[in-house]
4 protein chains.
Amino acid sequence: MCKFNTDMADERVDEYKVINNMSEIDGIEVKQQEYEEFKVTEVNVLNENGEKAIDKLKGKYVTIDIDGIKYLEDETLLVEKIKEELEKVIPKEKSILVVGLGNMYVTPDALGSKVVKGVEVTRHILKLSEHFKDFGTRQISAICPGVMGNTGIETTEIVTAITSNVKPEVVIVIDSLMSKSFSRIGSSIQISNTGITPGSGITGINSKIDRESTGAEVISIGVPMVVDIATIANEIMDKLEYEEESNDRYNKIKGVLQTQNYIVTPKDIDDVVEITARIISTSINNIV
Amino acid sequence: MCKFNTDMADERVDEYKVINNMSEIDGIEVKQQEYEEFKVTEVNVLNENGEKAIDKLKGKYVTIDIDGIKYLEDETLLVEKIKEELEKVIPKEKSILVVGLGNMYVTPDALGSKVVKGVEVTRHILKLSEHFKDFGTRQISAICPGVMGNTGIETTEIVTAITSNVKPEVVIVIDSLMSKSFSRIGSSIQISNTGITPGSGITGINSKIDRESTGAEVISIGVPMVVDIATIANEIMDKLEYEEESNDRYNKIKGVLQTQNYIVTPKDIDDVVEITARIISTSINNIV
Amino acid sequence: MCKFNTDMADERVDEYKVINNMSEIDGIEVKQQEYEEFKVTEVNVLNENGEKAIDKLKGKYVTIDIDGIKYLEDETLLVEKIKEELEKVIPKEKSILVVGLGNMYVTPDALGSKVVKGVEVTRHILKLSEHFKDFGTRQISAICPGVMGNTGIETTEIVTAITSNVKPEVVIVIDSLMSKSFSRIGSSIQISNTGITPGSGITGINSKIDRESTGAEVISIGVPMVVDIATIANEIMDKLEYEEESNDRYNKIKGVLQTQNYIVTPKDIDDVVEITARIISTSINNIV
Amino acid sequence: MCKFNTDMADERVDEYKVINNMSEIDGIEVKQQEYEEFKVTEVNVLNENGEKAIDKLKGKYVTIDIDGIKYLEDETLLVEKIKEELEKVIPKEKSILVVGLGNMYVTPDALGSKVVKGVEVTRHILKLSEHFKDFGTRQISAICPGVMGNTGIETTEIVTAITSNVKPEVVIVIDSLMSKSFSRIGSSIQISNTGITPGSGITGINSKIDRESTGAEVISIGVPMVVDIATIANEIMDKLEYEEESNDRYNKIKGVLQTQNYIVTPKDIDDVVEITARIISTSINNIV
């Protein structure tokens, strides 16, 4: 099994195909659609073979690509599109817990906590007053579990402790992702109806946040905010035309890097995270 | 029973005595000691009568008063004193969970989250390696549950969910407190070996964080960061010499205030919170 | 001359009328207009007598009142209204410097810095490339001078130092204001085409930011984020029906308060500031 | 002239020697001293030839190296050492302006603003009262000019506008630096008595902050918080033993990288910046 240098399902599919010199993967279905404002890629992982191939859980991964979130003329189109995709996978009236992963004190990893800050929670109000239920207000709560380096506790321990108490029907997990492509930072939103697999993202989670561990439908929203340093090194060598097969070399690079504790991110990451968080929290606030 | 406008045990004792025109309260013992750098007041709530009198759980409340934390020439003396008091109530080698209460996005209420940021957690390292235990490293973890207005979940729900999972032997709760006296803001540290009673502080907690709910010894560290608006109004009227008994009037003032959602705090509260958090987290990091 | 406990022109007018038992003030013209979504009050200070009466510089003060910025169904209407008012006073194509006053580390005082963060600056791009001018891009720059307690430098010293170098044609000053009414916090936006008078707001500015000191047209945008503690005390006494004329008593209250260094603000001020900043920066980014 | 991928004078000296196969550089003098707790390297740039060789202004660059600022048992030794070095270059009683460079919203670039927050300013107090001068209190002020991407104004424009008004005798500039070595992040403090040269750091400054532009003695304190991505790629290739001279390859790598807008930084950069800022601001507050 590949060790992927990206959290994006579509990038993994492409990488797997190149490495294995395939044009199709059994158990993986990919659809693409171009809109005026965005490109939507849907990766369906259909069976265990597909799961193994791209090391992603069975389910649907929808990626919305735009031309740089900082340069959107009109954010409402993207908000509407994300809301639409969320409504496809989140049943009406079901109670929601939004989980903002990541380290709020490190800019590219602060997406989750910023989305949580922007989400309009209702659970405590509904608990206080039956009145609001008549209006069809959905129960929404939200937490930031923090990162293990700051809490000493695995993120999943915190999340499952809370879900076993709060008992939400749907968990929406927000996280900063790693992509292979620098240009995808703040330009791509991945929405999936699967749990989050161990070791994903830059948050160092070690166990699954999924239906089994939370008792809820788990929806993930992730946006690339960092790129893998080995990918960059490898791309550089590609461009320098070193004669060697790229994937072999990538693994060698991984081998010589003594730490995985690097973050590679653009200088204007503060703006990117701020705007992305606003768009995602607005989308969540708008779902009916 | 009085509805107190302060979270400080010693202020409640004084208030109770004045209102009831007593010089002693059955079930309450007060000791004071003057040091060169601080004054230490110890309030012992000995029985149920004492509990009722000042609406505080049975146990010991130690208050360290200094002359303004911003103007300390040498912080190490205070760090040492807090560490000493913590070591009196925290048994050696017991595992600790530090809980930073309050809203990190509102300056006077951010003390808890700032202390958590400064605490050196070890639990995840000890879990990974038995090696560290040989050095007698204590297991420390830390969380910020957030506030109900942002999470939709009661703080105690989150804390007890986590304690029932992480199973710490000691919980140290950090919170911003309300005092009657403006001069006590950032000048007084209250340490108690009791849980936190409902509705204390400005965090709007509604149920107890105590041995029963957490299964752990609960130590509270609180520092006044806000004052009660009714107290201030009442003090003003005292000074204006309106003829009326102060406590009656205070209750009337409470009656006409339509909301409790005010915060009264000094303009330089950012510095006060920053320095206090540093001193408390250093004290916690230093305990053996 | 009155010492006012509010930065809002319309509140000063009302207060002045009550105190002096007048229905009209020479040199002051007030117009009100009700819209479906907001109430707009325009105070015109026409001459020196008006200036003296309400201690505000000659010019126009437009106040837009809404029912709580946190509960707006649709922010775009308010954004459009603020943009419209700004376009009335800011000539097309003129270069703008946005100045975010206040202490970014104290939540109710962070409005200015948050607006600055949201403003899309262009000056450096225009300097690099003549190309953008063809599209009619306006020159925009933005600074946060900080507060004297943190910098040791008067805010106006910093602002005038920068304006004398950057030479903007228009300066937009953003500040947190003090109101007499708790309900106006985050519910009222005051836009004026005059400079800012000494000692206004909670920022402790000591000299004018106006055409004379900056060489530019100065537009101020302010939103109440704190209320005056003496006002609250006085309102309480009003409600308690102490027999005494309110204004006399207010001055007595001021007399007994030993410090002006209090902030009185709502507990959810973090949300209020965040949303208000977003609305104001979007309005500024939209002006043509 | 070399285009260096580091802001550290000693790294540039080493690089220059390797590239040019020299053991000595005319105009550069290097001394090293080992202490129990730190290693101190002093690079003296003596003449124009030295300036050209390492593209650093004439003057003294003192680098204090420690074993990871996060793991210091006792911060006071380092505080004392920095204070000592600062006192060598800052004359007694001279007025100081501390300038915190960088983007406070991007974690590795927030060192400057965090130091400024910790500095105890006195200028405004001295202006109000002659009294303090008797105690020999030094005049200290502090500003954060922000970054061009947020202000639209070049950092030096803001700094020189303020120095020409405030007229400090000494300017201490604080900045996050770039190093060639990942292990040096948060482990090395460079203090120099020269101005800052264009394009240094990750702040994208374009003109000098020096005696000429500020009218003051300029002292710089910098700490590596990021590493150059090309260096990392090159080191990887070194370890992979690609047969090619390292420097040639480095330049090729630079050539194929299409943007310089990457930041490479460790995941725990939040702690590193926090602790470093505390140590530097304490050192500045302690100088006499």
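The values are calculated or read from the model by the stated rules, or taken from the named source; none is laboratory data. Just so we're clear, the structure is a prediction, and the values are computed from it rather than from any experiment. Ideal geometry is used to build each Cβ from the backbone, glycine not excepted, and the neighbour counts take in all protein chains shown. The area values use the complete protein model at the heavy-atom level, side chains included, leaving out ligands, DNA and RNA. Shrake-Rupley method; radii C 1.70, N 1.55, O 1.52, S 1.80 Å.
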Study note, to complete from the structure: Over the stretch D:86-95, the set of residues open to solvent by 10 Å² or more (accessible area, probe 1.4 Å) and not in a loop (DSSP other than H, G, I, E, B) is D:GLU87, D:LYS88, D:VAL89
Exercise for review: Report the residue count in the stretch A:116-137 for those that are under 17 Å from B:ASN150 (Cβ atoms) and either modelled with pLDDT of 85 or more or not basic (Lys, Arg) (or both).
Suggested key: 12
Review point. How many residues does the stretch B:266-288 hold that are closer than 11 Å to B:ILE221 by Cα and surrounded by fewer than 22 Cβ atoms within 10 Å (Cβ to Cβ)?
Key: 0
Revision key, fill the gap. Among D:VAL121, D:VAL79, D:VAL116, D:VAL98, the single one that is at the interface with chain C (Cβ under 10 Å from one of its Cβ atoms) and assigned to a helix (DSSP H, G or I) is D:VAL116
Study note, to complete from the structure: Picked from the stretch D:224-250 (must be modelled with pLDDT under 70 and within 15 Å of D:THR6 (Cβ to Cβ)), the residue surrounded by the most Cβ atoms within 10 Å (Cβ to Cβ) is D:TYR250
Point to revise | Single condition A:ILE90 does not satisfy, out of (1) within 14 Å of chain B (Cβ to nearest Cβ); (2) among the β-branched types (Val, Ile, Thr); (3) under 18 Å from the mean Cα position of the chain (by Cα) | key: (1)
Review point. Out of all the residues in the stretch B:23-36, which are open to solvent by 80 Å² or more (accessible area, probe 1.4 Å) and assigned to a loop (DSSP other than H, G, I, E, B)?
Key: B:SER23, B:GLU24, B:ASP26, B:TYR35, B:GLU36
Check your understanding: Which members of the stretch B:165-190 meet the condition of being open to solvent by less than 10 Å² (accessible area, probe 1.4 Å) and hydrophobic (A, V, I, L, M, F, W, C)?
Key -> B:VAL170, B:VAL171, B:ILE172, B:VAL173, B:ILE174, B:ILE189
Review point. When only residues in the stretch D:135-159 that are out of contact with any His (no Cβ under 9 Å at 6 or more places or on another chain), of a type outside the set (A, V, I, L, M) and farther than 14 Å from D:ASN103 by Cβ count, which is farthest from the other protein chains (Cβ to nearest Cβ)?
Key: D:GLY136
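One line per residue, one yes/no per condition, for (1) open to solvent by 10 Å² or more (accessible area, probe 1.4 Å); (2) charged (D, E, K, R); (3) under 13 Å from the mean Cα position of the chain (by Cα); (4) at pLDDT 95 or above:
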| site | (1), (2), (3), (4) |
| --- | --- |
| C:GLY195 | yes, no, yes, no |
| C:GLY199 | yes, no, yes, no |
| C:ASN206 | yes, no, no, no |
| C:ASP210 | yes, yes, no, no |
| C:VAL218 | no, no, yes, yes |
Exercise for review: Residues being assigned to a strand (DSSP E or B) and under 15 Å from the mean Cα position of the chain (by Cα): count how many of those fall in the stretch D:41-76.
Suggested key: 10
Check your understanding: under 24 Å from D:LYS114 (Cβ atoms) and either of a type in the set (D, E, K, R) or open to solvent by 30 Å² or more (accessible area, probe 1.4 Å) (or both) - does that describe any residue in the stretch C:134-141?
Key -> no
**Study point:** For A:ILE162: the one exception among (1) under 22 Å from the mean Cα position of the chain (by Cα); (2) facing chain B (nearest Cβ under 10 Å); (3) outside any loop (DSSP other than H, G, I, E, B); (4) surrounded by fewer than 24 Cβ atoms within 10 Å (Cβ to Cβ)
**Key:** (4)
Exercise for review: Collect the residues in the stretch A:102-113 that are within 14 Å of chain D (Cβ to nearest Cβ) and at negative phi, keeping them in residue-number order.
Suggested key: A:ASN103, A:MET104, A:TYR105, A:VAL106, A:THR107, A:PRO108, A:ASP109, A:ALA110, A:LEU111, A:SER113
Review point. Taking the stated definitions as given, is D:LYS56 out of contact with any Pro (no Cβ under 8 Å at 6 or more places or on another chain) and touching a residue at least 60 places away in the same chain (Cβ under 8 Å)?
Key: yes
Point to revise | Search result, residues across the stretch B:150-183 that are closer than 21 Å to B:VAL223 by Cβ and either hydrophobic (A, V, I, L, M, F, W, C) or touching a Leu at 6+ places or on another chain (Cβ under 9 Å) (or both) | key: B:THR155, B:VAL159, B:VAL170, B:VAL171, B:ILE172, B:VAL173, B:ILE174, B:ASP175, B:SER176, B:LEU177, B:MET178, B:PHE182
